[in-house]
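Data block below; observations after.
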Amino acid sequence: MSNTPIITSETTPNHQQSIESYRQLIASTGESLLRPGLVDTPMRAAKAFGHLTQGYQQNLDEVVNDAVFPSTNRELVLVQNIEFYSLCEHHMLPFHGIAHIGYLPDGQVLGLSKFARIVDMFARRLQIQENLSEQVAQAIMDVTGCRGVAVVMDASHMCMMMRGVSKQHSTTRSTAMLGEYMHDNQARNEFLNAVPKRQPAF
Ligand SMILES: Nc1nc2c(ncn2[C@@H]2O[C@H](COP(=O)(O)OP(=O)(O)OP(=O)(O)O)[C@@H](O)[C@H]2O)c(=O)[nH]1
Ligand SMILES: [Zn+2]
């Protein structure tokens, strides 16, 4: 196994531009950038934004770090309740929830922590939930060569809660199915019955 460290950069590739953008954003409200409480805010916000979009600076090879192991087990592996935080690409407001990932191995299995790392890598980009689910599924298929992979994500979208339609209890479930899950109803049902039911938001 390689010793390549996971990239954990806390800033965007152009951090200064990000700070300047936050300055302009704050100024657009009419607030003074000199008010003591706001003096360091552009820098802090840029750093936070860098964290929330860190996934652009990661790639699958680094995140998986060769943690794929031989196994003769071909039955369902279900990694459930992986919490995630993302930003919707339409409003750049958070959406957050939990992911459940099931897969059917074919000779090799993935290190368990890597499922969460893969979810985080794609979640820390500007996203829509449906694409996030698909990207996670495809990545697991790519790194394991498994027989099938199924992803369910349940999320609450701040752009639907804090503004706009203002619905506090609506949640969205997205699914992505690849390989045998695309056509095998028995496998789909086994996975879907094993996935926890989503509770209403808050
Ligand atoms: N399918 C999908 N839509 C999303 C996601 N995140 C946000 N949206 C939606 O993106 C849409 C953007 O719609 P627009 O009419 O262009 O923007 P808007 O005027 O801000 O829309 P409202 O939110 O309805 O006020 C909204 O319906 C959002 O709910 C997501 O992850 N998946
Ligand atoms: Zn949105």
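Counting only protein heavy atoms and a 1.4 Å probe, the chain has 54 square angstrom of accessible area per residue. Segment 1-111 gives an Rg/Rh value of 1.14, both radii derived from C-alpha positions and Rh following Kirkwood. The sum of -39500 (n - 2.57) across all DSSP H runs of n ≥ 4, divided by the residue count of the chain, sets its helix-only mean residue ellipticity at 222 nm to -10500 deg cm²/dmol.
Sort out the exposed loop trypsin sites (Lys or Arg not before Pro) in the chain (DSSP loop, at most 10 other Cβ within 10 Å) and tell me the longest stretch that has none.
Result for the longest clean stretch: 1-162.
Put 121, 43 in order of accessible area, highest first, and with a 1.4 Å probe you get 43, 121. Summarising the amide proton neighbourhood of residue 109: residues at separation of 5 or more, or on other chains, whose placed amide H is nearer than 5 Å comprise 69, 71.
Taking the protein heavy atoms of the chain in the context of the full set of protein chains, the accessible area attributed to carbon and sulfur is 53 percent at 1.4 Å.
Kindly provide the GluC sites (Glu not before Pro) of segment 51-122 that DSSP labels as loop, not H, G, I, E or B, and whose Cβ sees at most 10 other Cβ atoms within 10 Å.
75
Kirkwood radius, segment 63-117, all distinct C-alpha pairs, inverse of mean reciprocal distance: 12.9 Å.
Normalized C-alpha radius of gyration of segment 91-202, against 2.2 N^0.38 Å?
Rg over 2.2 N^0.38 Å, computed on Cα atoms: 1.12.
Across segment 89-103, computed HN-Hα scalar couplings (Karplus, 6.51 cos²θ - 1.76 cosθ + 1.60, θ = phi - 60°) run 6, 8, 10, 6, 9, x, 10, 8, x, 10, 10, 10, 10, x, 8 Hz from first to last residue, x flagging Gly and Pro. Taking amide H positions as modeled 1.01 Å from N, with prolines and chain starts lacking one, the residues under 5 Å from residue 147 and 5 or more places away or on another chain are 104, 106.
Using every pair of distinct Cα positions in the chain, the Kirkwood expression returns a hydrodynamic radius of 18.5 angstrom.
The values are calculated or read from the model by the stated rules, or taken from the named source; none is laboratory data. Treat the numbers as computed from the prediction; the structure is a model and nothing was measured. Methodologically, a virtual Cβ is constructed for each residue, glycine included, from the backbone with ideal geometry; neighbour enumeration extends over all protein chains shown. Only protein heavy atoms, including side chains, enter the accessible area calculation; ligands, DNA and RNA are left aside. Shrake-Rupley method; radii C 1.70, N 1.55, O 1.52, S 1.80 Å.
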